[in-house]
1. Hey, among 64, 53, 127, which residue is within 15 Å of ligand 1 (Cβ to nearest atom), in a helix (DSSP H, G or I) and buried (at least 20 other Cβ atoms within 10 Å of the Cβ)?
2. Which count do you get for residues in region 28-50 that are touching a residue at least 40 places away in the same chain (Cβ under 8 Å) and either more than 15 Å from ligand 1 (Cβ to nearest atom) or over 14 Å from the mean Cα position of the chain (by Cα) (or both)?
3. Taking residue 79, is it more than 12 Å from ligand 2 (Cβ to nearest atom), touching a residue at least 40 places away in the same chain (Cβ under 8 Å) and in contact with a strand residue (DSSP E or B) (Cβ under 8 Å, 6 or more places away or on another chain)?
4. Restricting to region 27-50, count the residues that are surrounded by fewer than 16 Cβ atoms within 10 Å (Cβ to Cβ) and away from ligand 2 (no atom under 16 Å from the Cβ).
5. Tell me which residues, restricted to region 78-106, are surrounded by 18 or more Cβ atoms within 10 Å (Cβ to Cβ) and farther than 22 Å from residue 17 by Cα.
6. Name the single residue that is nearest to residue 86 (Cα to Cα) among those in region 96-120 being more than 16 Å from ligand 2 (Cβ to nearest atom) and in contact (Cβ under 8 Å) with a residue 40 or more places away in the chain.
7. What's the total number of residues in region 107-124 that are surrounded by 15 or more Cβ atoms within 10 Å (Cβ to Cβ) and either more than 10 Å from ligand 1 (Cβ to nearest atom) or at pLDDT below 95 (or both)?
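The values are calculated or read from the model by the stated rules, or taken from the named source; none is laboratory data. As the structure is a prediction and not an experimental result, all values here were calculated from the model. Every residue, glycine as well, gets a Cβ built from its backbone with ideal geometry; the counts of neighbours run over all protein chains shown.
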Ligand code: IDP
Ligand code: MG
């Protein structure tokens, strides 16, 4: 077990439907602690940069349009195995394939508007946290 940090985002569909608290409740109940949090409206450039790894995918332009369609909450989560734990609580990308009881199975609207983002590795978590947070805006809790 290792104390890790990961980046979580409540995506525009989650914010629009007033599900910020519901998402955070589920993450906290799983033992994850919020150590950084702010609401932002991504610019086109922000979204393109954040999802650069997907730029050749057919859904890229739609994804950027969707992620810039309304405010998001970017959060840094801390905890034992935080990267995998967050992904577990989120569920699979496609809500139709997500395990029952996960955020995406219970709350997501579609494979695109799937309510939450979570880093997929410890290395990517570091890059993604740095994309949105200055060190001074993160408050360690353990
Ligand atoms: P992840 O969010 O579960 O890590 P990724 O494969 O990294 O999934 O895809 C990033 C985001 O792109 C997804 O969360 C979703 O919003 C969107 N996305 C992924 N696959 C598709 C697709 O086939 N159609 C439309 N949007 C997609
Ligand atoms: Mg991903």
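1. Just one listed residue meets the conditions, 64.
2. Of the residues in region 28-50, 10 are touching a residue at least 40 places away in the same chain (Cβ under 8 Å) and either more than 15 Å from ligand 1 (Cβ to nearest atom) or over 14 Å from the mean Cα position of the chain (by Cα) (or both).
3. yes
4. Residues meeting the conditions: 11.
5. Within region 78-106, 78, 79, 82, 83, 85 qualify.
6. The qualifying residue nearest to residue 86 (Cα to Cα) is 107.
7. Residues meeting the conditions: 3.
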